[in-house]
Amino acid sequence: LLTVPSTSQLYNASTYQSPAANKDTFTQSFWLQAGTYTFSAMGTTSTNRGIVQWSIHGVNTFTTQDWYSASAVYNVIKTTTVTVVGDGYHTLQGIVTNKNAASAGYYLTFTKYWFKPTSD
């Protein structure tokens, strides 16, 4: 993963795979109580973006997200609801599973992702 300055993106940074390929994976560990959450990912859509499948502990509990768009769009937030089983230490994984037919590549460009309890 490569993190670069991005003045068009909130927090002034973006992270992406370099080079990008189908089946790329990345992980992030975190502590969280069991419960139902809204998972949000903030990134950039563009002409060379891929499709990501999110999972926790290798279980595909999220829908896939297609990050392709006909031109660059910054600060896009995509959300989905997820149930986290068990309190404690968890591992989030992103896997590039494919790309939109119109996309020129498999890049995923993220600035931030987070969990928020649905009860908030």
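The values are calculated or read from the model by the stated rules, or taken from the named source; none is laboratory data. Fair warning: this is a prediction, and the values are worked out from it, not measured in the lab. Here the Cβ is made from the backbone with ideal geometry for all residues, glycine too, and neighbour counts use every protein chain on show. Please note that ligands, DNA and RNA were not included when accessible areas were found on the heavy atoms of the full protein model with its side chains. Shrake-Rupley method; radii C 1.70, N 1.55, O 1.52, S 1.80 Å.
Looking at region 38-110, the strands (runs of 3 or more DSSP E) lying wholly inside it that each contain 1 or more residues that are farther than 22 Å from LEU2 by Cβ and open to solvent by 60 Å² or more (accessible area, probe 1.4 Å) sit at 64-66, 73-84, 88-99.
Taking the conditions (1) under 20 Å from TYR106 (Cα atoms); (2) in a strand (DSSP E or B); (3) modelled with pLDDT of 95 or more; (4) not β-branched (Val, Ile, Thr) in turn, PHE30 satisfies each one other than (1). Here ASP120 does not qualify as modelled with pLDDT of 95 or more and open to solvent by 70 Å² or more (accessible area, probe 1.4 Å). Does THR111 satisfy the condition of being among the β-branched types (Val, Ile, Thr), in contact with a helix residue (DSSP H, G or I) (Cβ under 6 Å, 6 or more places away or on another chain) and within 15 Å of PHE26 (Cβ to Cβ)? In short, yes. Within region 1-17, the set of residues being open to solvent by 50 Å² or more (accessible area, probe 1.4 Å), more than 15 Å from the chain's Cα centre (by Cα) and not small (Gly, Ala, Ser) comprises PRO5, THR7, LEU10, TYR11, ASN12.
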